[in-house]
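All remarks here apply to the structure that follows.
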Amino acid sequence: MDGMLSQEEINALLSGMDAGSASDDAEEKDTGGQTGGADMTAAQPEEELLTPEEKDAIGEVANISMGTAATTMSSLVNNVVDITVPQVSFARWDDLVTAYDRPCVFVQLSYIDGIDGNNVLILKEQDVKIITDLMMGGDGQNVAEELTDLHLSAISEAMNQMMGSSATSLSQMLGRKIDISPPVASLIDLNEAITDNGLSNFLTDTFVKVTFKMEVADLIDSEIMQLYPVSLAKEIYNIFVGNMMPDSGSDGTAGAEEPSTTPPPVGQPQPQPQPQMQQAPMDAGMMGQMPYGYGMPPGQNVAAPNVNAQPVQFQPFAAMPNPITQQENIDLIMDVPLEVTVELGKTKKSIKDILEIAPGTIIELDKLAGEPVDVIVNGKYVAKGEVVVIEESFGVRVTDIIKQQ
């Protein structure tokens, strides 16, 4: 019958209709039939900001840099500082507002040489109080209730030294000089409007967030975050990869190492060519039968081979650097007030004697008349002196400084 479809053609048409409807259903789900599909579409551009290789490289750079910074912080707070391997992810400003403590301390850093860009370190307010208290000689347990300008100045100086050492490590990794501007620390409430220009590129764009876990002795078990603009992260990756690429020869492969023809430094002896000694071939039997001193006149030892002996040239030891770091640390606490006490003498009395004290009572001390008085600073015995009168006030002229063992 003309125009009639066979059973095979009918089955083929039915199969095609099922496949078409299935593809339509899948397309409907992908275009918003479910909320999960919309989230995946929104997240897709974020995944394309950095490749997995770029994220790994940024994590490695941050790990080495922050490891050096942890060593510097250890010397500042005189305690063991441990900063763990970083976690690299993406974030937006709304994510920080939701997840991080408020208020917190933002430390803004700008690269002024080697690379172009800025990044931000975020620390918790309580962590900053403990770190600055340790820097000023405290125990890190009795910290101030309010974060003052002195704390912000101290943490800025600490970050200046930490990130300065980090920039040195970064210079070695990237093969170029990296320099930073002095850090600026500020206390920021993430809920409030931010108008600072230094944070403008973090407020609207997605940025790279590098999270470290930080432990300071048994006082701090917290985290510290470092924020990078995506453009800066890509620039660091490109320089890092370019510096790690081996030099290639004209054929595309690494060139074979050639012997150095550079003359030795002035003042060092020129190496002399070694003489070539020609000997007749001997078999093992002849060597075993040859007596010591064979062929030499009686009374003479076998001559040593002609060796070009030269005195060893040692480089002089570099002079020990001045304790600049210690001086900078002391400068941080120059404005801290201390309590100075002058002790004329002391004695021991029973409770009965104390209760009998009345106006006119004379208390005998353990020091003789004219003996130097003790100068005590915050409970530490630091000097001896003699009492003097300055106009209408008493004073002490320091005569001897007590050296602490």
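Values quoted throughout were computed directly from the atomic coordinates according to the rules given, and no laboratory measurement underlies them. Values in this document were obtained by computation on a predicted structure and should not be read as measured data. Positions of Cβ are generated from backbone atoms using ideal geometry, with glycine treated the same way; all protein chains shown enter the neighbour counts.
Brief remarks on what is shown
- Summarising the label geometry, the points placed 7 Å from Cα in the beta-carbon direction at Ile402 and Glu60 lie 5.7 nm from one another.
- Multiplying the residue separation of Asn238 and Glu343 by 0.36 nm and subtracting their alpha-carbon distance yields 31.2 nm.
- The packing ranking of peptides 61-74, 208-221, highest mean first, is 61-74, 208-221, where packing means the average number of other beta carbon atoms within 10 angstrom of each residue.
- The label-point distance for Glu53 and Gln126, in a model that sets each label 7 Å from Cα toward Cβ, rounds to 4.4 nm.
- Nearest-0.05 FRET efficiency for Ser75 and Ala99, computed from C-beta distance (R0 35 Å): 0.65
- Relative protection proxy for 133-140, 102-109, 390-397, 370-377, from highest mean packing down: 102-109, 133-140, 370-377, 390-397 (other beta-carbon atoms within 10 angstrom).
- Each Lys or Arg adds one and each Asp or Glu takes one away; over the other residues whose Cβ falls under 9 Å from the Cβ of Ile83, this sums to -1.
- Mean Cβ neighbour count within 10 Å, used as a protection proxy, ranking 355-366, 148-159, 333-344 highest first: 148-159, 333-344, 355-366
- Applying 1/(1 + (r/R0)^6) with R0 = 41 Å to the Cβ-Cβ distance of Thr168 and Glu145 gives a FRET efficiency near 0.65.
- Pairs beyond 19 Å (Cα-Cα), from Lys124/Lys213; Lys124/Lys234; Lys348/Lys403; Lys129/Lys209; Lys346/Lys380; Lys124/Lys209: Lys124/Lys234; Lys348/Lys403; Lys129/Lys209
- Over all other residues within a Cβ to Cβ distance under 11 Å of Lys213, the charged ones net out to -4, with Lys and Arg as +1 and Asp and Glu as -1.
- Here the 3J(HN,Hα) profile of the stretch 86-97, calculated from phi with Karplus coefficients 6.51, -1.76 and 1.60 at θ = phi - 60°, is x, 10, 9, 8, 9, 7, 10, 4, 5, 5, 5, 4 Hz, Gly and Pro shown as x.
- Residue-count net charge about Asp116 - beta-carbon cut-off 14 Å; Lys, Arg +1, Asp, Glu -1: 0
- Cβ-derived FRET efficiency at R0 41 Å, Ile112 paired with Ser222, nearest 0.05: 0.85
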